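To start, the structure itself, in structure tokens.
The values are calculated or read from the model by the stated rules, or taken from the named source; none is laboratory data. The model shown is predicted, which means the values in this text are computed figures rather than measured ones. Ideal geometry is used to build each Cβ from the backbone, glycine not excepted, and the neighbour counts take in all protein chains shown. With ligands, DNA and RNA removed, areas are computed over all heavy atoms of the protein, side chains included. Shrake-Rupley method; radii C 1.70, N 1.55, O 1.52, S 1.80 Å.
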Amino acid sequence: MTKPSLKERLHTQPLSLGMQSFSANPGIVEILGLTGFDWVSLDMEHSPTGFETVEHLARAAKAAGTSALVRVAENDPIQIMKALDRGVDGVIVPHIKSAADLEAAVAATRYSPDGIRGACTSVRSSGYGTEPWDSYLERVASETVVVALVEDEEAITSFDELLKVDGVDAFWLGTRDLAQAMGIPGSDLHNPLFTKMAKDLCARAKDQGKLMMATVGPLLTVEYAQFIHSLGFTCISYGTDLKNFGRFAQSVVTGLRGE
């Protein structure tokens, strides 16, 4: 039985769980798949991960039965197109501030006449030319996931306009950058200002058939994940692989040495 696409699962599951890959380690990507994570975000904005590595990580994700999204470094059409050519399930685009920003990002994910993505059969996404072009076009048009990172005050102000842009599946609330911009650095969604805003955004997105995403960082607890899920976030990232490992390593030292 063919597994439903990530897009279909995101829109039908009450909760989808992912993690952000900063280590670029294929073994960790495989572990996430083997333990039941729905997706992994391959970070290219903050980590040193390059496109060649992204392609290998995408292979690891597929082998372990999970899906790969790429968080590109910026809202640049070449970045988006090169990420998708690596054969991943979709892209996460940072610092979307306006409908025009988001329309440009979506256009880079679509082939002509619906967008500007460059056509090439010698890449992993098209099976290196082994998949019939017509069926490939139909598949990627229906399955490619587009996530907009809402991490600037301008995006909050223009959120209703962002919701009107076609071809967008989800909005990831970037609490770290938003907290800095709002003058409450380091705050998480327990902050009353954040809680009220998050509930409102989630309700507005749901009304338009859009999903909301968030991360459990910096707390990295199941309880916090359950809390943000209760606010209306149906797609949750359990932080970054490096931060999770760092938290584990620190707990071992503290537990054994009392430090």
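In nm, to one decimal, how far is the modelled label at ARG9 from the one at SER112, with both set 7 Å along Cα→Cβ?
Result for the modelled spin labels: 3.5 nm.
Need one word for the range 1-132: rounded, prolate or oblate. Basis is the Cα gyration tensor (sqrt eigenvalues a ≥ b ≥ c); a/c below 1.5 gives rounded, then a/b vs b/c decides. Don't skip to the end; give the middle numbers.
On the way: a/c = 1.39, a/b = 1.28, b/c = 1.09.
Cα axes put the range 1-132 in the rounded bin.
If a/c stays under 1.5 just call it rounded; otherwise compare a/b with b/c (prolate if a/b is bigger, oblate if not). Do that for the range 78-117, with a ≥ b ≥ c from the square roots of the Cα gyration tensor eigenvalues.
Oblate, since a/c reaches 1.5 and b/c is not below a/b.
Calculate the radius of gyration of the Cα atoms of the chain to one decimal place, then report Dmax, the largest Cα-Cα distance, as a whole number, both in Å.
Spelled out, the Cα radius of gyration and Dmax of the chain are 18.1, 63 Å.
Can you give the extra length, in nm with one decimal, that the chain gains between ASP134 and GLU153 once fully stretched, where that is 0.36 nm per residue apart less the Cα-Cα distance?
Details: separation 19, 0.36 × 19 = 6.84 nm, distance 4.10 nm.
Result for the pair: 2.7 nm of gain on full extension.
List nothing, just return the count: lysine pairs in the chain, 8 or more apart or interchain, with Cα separation under 21 Å.
18
Taking a temperature of 37 °C and a viscosity of 0.692 mPa s, what whole-number D in µm²/s does Stokes-Einstein yield for the range 10-74 with Rh from Kirkwood over alpha carbon pairs?
282
Given H placed 1.01 Å from N in the peptide plane, which residues other than close sequence neighbours of LEU149 have an amide H under 5 Å from its amide H?
VAL93, HIS95, ILE96, TRP172
Name the residues of the range 88-104 whose amide N is less than 18 Å from a point 7 angstrom out from the Cα of GLU45 along the C-beta direction?
Of the residues in the range 88-104, 89-104 have backbone N under 18 Å from the label point off GLU45.
Which order do the peptides 30-37, 179-186 come out in when sorted by mean C-beta neighbours inside 10 angstrom, highest first?
30-37, 179-186
Would you work out what percent of the accessible area of the chain, with all protein chains in place, is carbon or sulfur (probe 1.4 Å)?
That fraction is 55 percent.
Grab the Cα-Cα distance for ASP200 and ILE78, subtract it from 0.36 nm times how many residues apart they are, and report the gain in nm with one decimal.
Values: separation 122, 0.36 × 122 = 43.92 nm, distance 3.37 nm.
The ASP200-ILE78 span can extend by a further 40.5 nm.
Taking the Kirkwood radius as the inverse of the mean 1/r across Cα pairs, report the Rg/Rh of the range 40-87.
Result for the range 40-87 is an Rg/Rh of 0.94.
Can you give the calculated 222 nm mean residue ellipticity of the chain, where each DSSP H run of n ≥ 4 adds -39,500 (n - 2.57) and the sum is split over every residue, rounded to the nearest 500 deg cm²/dmol?
Only helices count here, giving -13500 deg cm²/dmol.
Enumerate the amide H contacts of CYS235 below 5 Å, restricted to partners 5 or more residues apart or on another chain; note that Pro and chain-start residues carry no placed amide H.
It is SER16, MET212, ALA214, by chain and number.
What are the radius of gyration and Dmax of the range 140-245, computed over its Cα atoms and given in Å?
13.6, 40
What residue among LEU162, ALA68, VAL106 has its Cα farthest toward the positive end of the dipole of the chain, where the charges are +1 on Lys, Arg and -1 on Asp, Glu, each on the Cβ?
Of the options given, the answer is ALA68.
Using the heavy atoms of the protein chains and a 1.4 angstrom probe, tell me the accessible area per residue for the chain in square angstrom. Before the final figure, lay out the partial values.
Working: 12200 Å² over 259 residues.
In whole numbers, the chain has 47 Å² accessible per residue.
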